[in-house]
Amino acid sequence: MKNTTSNEQHVFESAGLGLAPFRYVGSFEDKGPHKSVINGVQVEIGAPGQPMGTCAYCGQGIAICCQIKSADGKTFTVGSDCVTKTGDKGLKQLVAKDSRKRAKGREEERVAVLRDRLENDLELRSSLESQPHPRGFQDRETGQDLTLLDQVEWMMANSGLSGRMKMVRAIAKMEKK
């Protein structure tokens, strides 16, 4: 898909959002609920997780708000889908990079929560310790059977983010049962 209309203008320029070229400024999440005080009364607007932003291009409600700046200095907010639909490769690449960074941050947060739980949640530790190691490994020095707790602790200490996330998902699945 081209990033221009039939008269060779960028679609954002055709929509009156400013003059091309457009520059990606950054992005932020805007999800409900929003809390504020009106006339001394605390109010809450929006449901938890509800998109609270609005795309300046299509009017759709958006949770991931991409800020774009035009050559004439106008800054506006659009959704990542609209950036993708423009066909503007430069903008698309920057939005995709930002999206990957945000996803990695969420994963690292989940890993940190699991690390804390492994340290402080005795019930979780006991549950993991009561289950055998998934590969049936034994301690090299003592010959004692290792447990699922040993596997999780080893993975959390020695693997990359992908391996640590594997443990996060495995424990979440185990706890759903």
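The values are calculated or read from the model by the stated rules, or taken from the named source; none is laboratory data. Note that this is a predicted model, so its numbers are computed, not measured. As a convention, Cβ positions derive from the backbone with ideal geometry for all residues, glycine included, and neighbour counts pool all protein chains shown. For accessibility, only protein heavy atoms count, side chains too; no ligands or nucleic acids. Shrake-Rupley method; radii C 1.70, N 1.55, O 1.52, S 1.80 Å.
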* Exactly one condition in (1) open to solvent by 50 Å² or more (accessible area, probe 1.4 Å); (2) touching a residue at least 60 places away in the same chain (Cβ under 8 Å); (3) among the β-branched types (Val, Ile, Thr) is not met by residue 142; state its number. => (2)
* Structure fact -> The one condition residue 111 fails out of (1) in contact (Cβ under 8 Å) with a residue 40 or more places away in the chain; (2) open to solvent by less than 30 Å² (accessible area, probe 1.4 Å); (3) farther than 29 Å from residue 171 by Cα is (3)
* Take region 53-75 and flag every residue that is surrounded by 11 or more Cβ atoms within 10 Å (Cβ to Cβ), without any contact (Cβ under 8 Å) to a residue 24 or more places away in the chain and part of a loop (DSSP other than H, G, I, E, B). => 60
* **residue 42 of a type in the set (S, T, N, Q) and within 19 Å of the chain's Cα centre (by Cα)** => no
* Quick one: in region 38-52, which of the residues that are touching a strand residue (DSSP E or B) at 6+ places or on another chain (Cβ under 7 Å) and assigned to a loop (DSSP other than H, G, I, E, B) is farthest from residue 22 (Cα to Cα)? -> 46
* Sort out which residues of region 78-94 are closer than 17 Å to residue 29 by Cβ and either hydrophobic (A, V, I, L, M, F, W, C) or surrounded by 20 or more Cβ atoms within 10 Å (Cβ to Cβ) (or both), and write them in order of number. => 78, 79, 80, 82, 83, 94
* Between a first residue in region 166-177 that is of a type in the set (Gly, Ala, Ser) and a second residue that is open to solvent by 40 Å² or more (accessible area, probe 1.4 Å) and in a helix (DSSP H, G or I), which pairs have beta carbons less than 9 Å apart while being 6 or more apart in sequence or on different chains? -> 172/110
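This table checks each residue for (1) at pLDDT below 95; (2) more than 20 Å from residue 109 (Cβ to Cβ).
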{"site": "123", "(1), (2)": "no, yes"}
{"site": "128", "(1), (2)": "no, yes"}
{"site": "138", "(1), (2)": "yes, yes"}
{"site": "144", "(1), (2)": "yes, yes"}
{"site": "167", "(1), (2)": "no, no"}
* Members of region 59-71 that are over 17 Å from residue 91 (Cα atoms) and of a type outside the set (A, V, I, L, M) -> 59, 60, 61
* Asked: Give me the pairs: first residue in region 25-39 and closer than 21 Å to residue 106 by Cβ, second residue open to solvent by 90 Å² or more (accessible area, probe 1.4 Å) and part of a loop (DSSP other than H, G, I, E, B), beta-carbon distance under 7 Å, and six or more apart or on different chains, which are they?
  -> 32/48; 33/48
* Asked: Just wondering, is there one or more residues in region 45-52 that are surrounded by fewer than 18 Cβ atoms within 10 Å (Cβ to Cβ), on the phi > 0 side of the Ramachandran plot and under 18 Å from the mean Cα position of the chain (by Cα)?
  -> yes
* Identify all residues within region 57-67 that are closer than 16 Å to residue 10 by Cα and out of contact with any strand residue (DSSP E or B) (no Cβ under 6 Å at 6 or more places or on another chain); write none if there are none. => 58
